[in-house]
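First up is the structure itself, then whatever we jot down about it.
Read-outs throughout are calculated quantities, based only on the coordinates presented, and are distinct from any laboratory measurement. Keep in mind the model is a prediction, meaning the values are calculated, not measured. All Cβ positions, glycine included, derive from the backbone under ideal geometry; neighbour counts span all protein chains shown.
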Amino acid sequence: MEKQLNVWINADLKESMSQRALQKGVSLKEFVEDIFGQSMAQYQAEMLEKQALPIIEDMIERSLQKSTARQNQQMQEAFHTEIILPMKQLIRETDRHLSDRIASLSVRTVRDGSIIRHLLYALLAKLFSVSFARDAYEHAKEKAARELEKRVAARGLEEDEG
């Protein structure tokens, strides 16, 4: 169904549109409909992008959080099974030559922790921004300090009771 659109436009603009339609080999009506159609399609695409972008960003952020949480859990499990449990076993055996192994495992733990911290920081900076990565690092550092304080306080209570 067609409807009529009566509008007044600049004479030079109308003349330019008529010439352009003639060059394209279409009627002025078809040319104007094409221009309006392109403009409306562009506007709708912009609106869709504005609406979809926050949703996509949220999906990516949630996916990254899940992935990071899963990776952290795997690292904690690996840390426990590959470092903590062997250290406990070595301490039980208390041989002098084992102290070298404990020291090397400690160095490895610190080194691997530093490497992991740098890799995660670089990943967050690349996926989001440097400021986001810095904020995430500071938050994790504060949380780790709080957890460490709780553990130290709990051990202090155990020693007082024992």
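In whole Å, what three semi-axes, largest first, describe the equivalent ellipsoid of the range 71-161 built from its Cα gyration tensor (square root of 5 times each eigenvalue)?
30, 20, 10
Between Leu85, Leu148, Leu124, which gets the highest mean-square fluctuation from a Gaussian network model of the chain, Cα cutoff 10 Å?
Largest GNM mean-square fluctuation: Leu148.
Please give the contour-minus-distance gain from Arg111 to Gln38: 0.36 nm per residue of separation, less the Cα-Cα distance, rounded to one decimal in nm.
So the extension gain works out to 20.5 nm.
Quick one: what are the phi-derived ³J(HN,Hα) couplings along the range 129-140, Karplus 6.51/-1.76/1.60 with θ = phi - 60°, whole Hz, x for glycine and proline?
6, 5, 5, 5, 4, 5, 5, 5, 5, 5, 4, 5
Considering the chain as a Gaussian network with a 10 Å cut-off on Cα pairs, which listed residue, Ala145, Ala133, Ala52, attains the greatest mean-square fluctuation?
Ala145
As a check on your grasp of the helix formula, calculate [θ] at 222 nm for the chain: sum -39500 (n - 2.57) over DSSP H runs of n ≥ 4, divide by the residue count, round to the nearest 500.
-30500 deg cm²/dmol
To one decimal place, what orientation-averaged projected area in nm² is obtained for the convex hull of the Cα set of the chain? The partial results should precede the final answer.
Details: hull surface 80.8 nm².
Taking the Cα atoms of the chain, their convex hull projects to 20.2 nm² on average.
What pairs from Lys3/Lys50; Lys66/Lys88; Lys24/Lys50; Lys88/Lys141; Lys50/Lys126 go past 29 Å between their alpha carbons?
Among Lys3/Lys50; Lys66/Lys88; Lys24/Lys50; Lys88/Lys141; Lys50/Lys126, the Cα-Cα distance tops 29 Å for Lys3/Lys50; Lys66/Lys88; Lys24/Lys50.
Order these by the 10 Å Cβ neighbour count, fewest first: Asp112, Asp100.
With the fewest neighbours first, Asp112, Asp100 line up as Asp100, Asp112.
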